[in-house]
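Below is one structure, written out as structure tokens; comments come after it.
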Amino acid sequence: MKLLLCSDGSPAAAQAARFGMEIARGSNELVELISVVEHPRDADKLRSNLEALGHEIEAIGAQCSIKLRHGHAAEQILDEAAEWNADLIVLGRAGQRGLTRFLMGATAHRIIQYARCSVLLHKGDQLTLKKILACTAGSDPGLRDVDMAGQVAEQTQAEVTVLHVMSQVALSDKAYLPDLAASAEELIERQTREGQHLKAAIEKLIARSVNGRPKVRHGFVVDEILAEVREGHYDLLVVGAHSAHGLTHWLLDDVTADLLEETNLPVLVVHSA
């Protein structure tokens, strides 16, 4: 997995880079560190910051390169990710300037919206990566979300919980009533549509030698995911976006956008194309 770690020189960006280093530990790929110089007077300081982070990466046994680009932060990061064919961009949430000034406004929002690869938005002080919550809506893009979670888990020895929230069951249809209180294991045993999807998700994790377990919750999607985040003490939340037909960027649905705003957990947004 090719990681592009972004820093604007702020402590929050350094924390994000260190979280990305947890993924880099298990990778043989070159890690790239990037800063964008928006004001020439900041160039030396940003380079020094990247060099310090580079030494930390080399200390864990990974290889890295550093790069300074000049211009608008979002545009330069997007261009670098595309040119380098990155698999994952790692950003911090709350820097003082540049790429992490706002969570879902300005630069961070633009990167999440227009990147051609997946984006990890780091929030809080989380540095360990042992428990991952992968959310799936029960379709093929959901399996791609699980596969990305599996790639991260494979490199970090983390365990993955695959969560499906059942919220759109037609209550008037008696055929669905037995599923309203069913566990993931019961759905898998009965080979329901949701059960077959969860089984396929767990098989993807098993193929990567990742320890995974299925889980079902019932209710409003955002509420149930946030409840699971609180109760499960996870280190990373994995959610999906979807490609817009005829466009080069991808769209955040209401669930993903709400989760990015409302959780203080690092969030990995998976590009499904």
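Quick look at the values:
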item	result
Per-residue HN-Hα couplings for the range 149-160 [Karplus 6.51, -1.76, 1.60; θ = phi - 60°; Hz; x = Gly/Pro]	4, x, 4, 5, 5, 4, 8, 10, 6, 7, 9, 10
Distant-in-sequence amide H partners of residue 65 (H built 1.01 Å from N, under 5 Å)	31, 32, 33
Rounded to whole Hz, the Karplus (6.51, -1.76, 1.60) HN-Hα couplings of the range 129-134, x for glycine and proline	9, 10, 10, 10, 10, 9
Per-peptide average of other Cβ atoms within 10 Å, ordering 138-145, 186-193 highest first	138-145, 186-193
Rounded to whole Hz, the Karplus (6.51, -1.76, 1.60) HN-Hα couplings of the range 3-8, x for glycine and proline	9, 10, 9, 10, 9, 10
Amide H partners (placed H, <5 Å) of residue 137, local residues excluded	142
Label-point gap, in nm, between residue 28 and residue 185 - each point 7 angstrom along Cα→Cβ	3.8
Ranked by how many other beta carbons lie within 10 Å on average, peptides 73-79, 205-211 from highest	73-79, 205-211
Computed label-point distance, nm, for sites residue 130 and residue 264 using a 7 Å Cα→Cβ extension	2.0
Protection-proxy order for peptides 254-265, 151-162, each taking the mean of Cβ atoms within 10 Å per residue, highest first	151-162, 254-265
Probe 1.4 Å - accessible area at residue 128, Å² to nearest ten	80
Spin-label pair residue 231/residue 83, simplified geometry with 7 Å Cα→Cβ offset, distance in nm	4.8
Potential extension, residue 69-residue 2 segment - 0.36 nm per residue separation minus Cα distance	22.3 nm
Shape call, the range 178-236: gyration tensor on alpha carbons, a/c limit 1.5	oblate
Set of aspartates and glutamates near residue 123 by C-alpha distance (under 12 Å), chain-local residues within fewer than 8 positions excluded	235, 261, 262
13 Å beta-carbon shell around residue 159, net charge (K/R +1, D/E -1)	+3
Distant-in-sequence amide H partners of residue 240 (H built 1.01 Å from N, under 5 Å)	270
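The values are calculated or read from the model by the stated rules, or taken from the named source; none is laboratory data. Values in this document were obtained by computation on a predicted structure and should not be read as measured data. Every residue, glycine among them, receives a Cβ derived from its backbone with ideal geometry; neighbour counts consider all protein chains shown. Accessible surface is based on the protein model in full, side chains and every heavy atom, while ligands, DNA and RNA are left aside. Shrake-Rupley method; radii C 1.70, N 1.55, O 1.52, S 1.80 Å.
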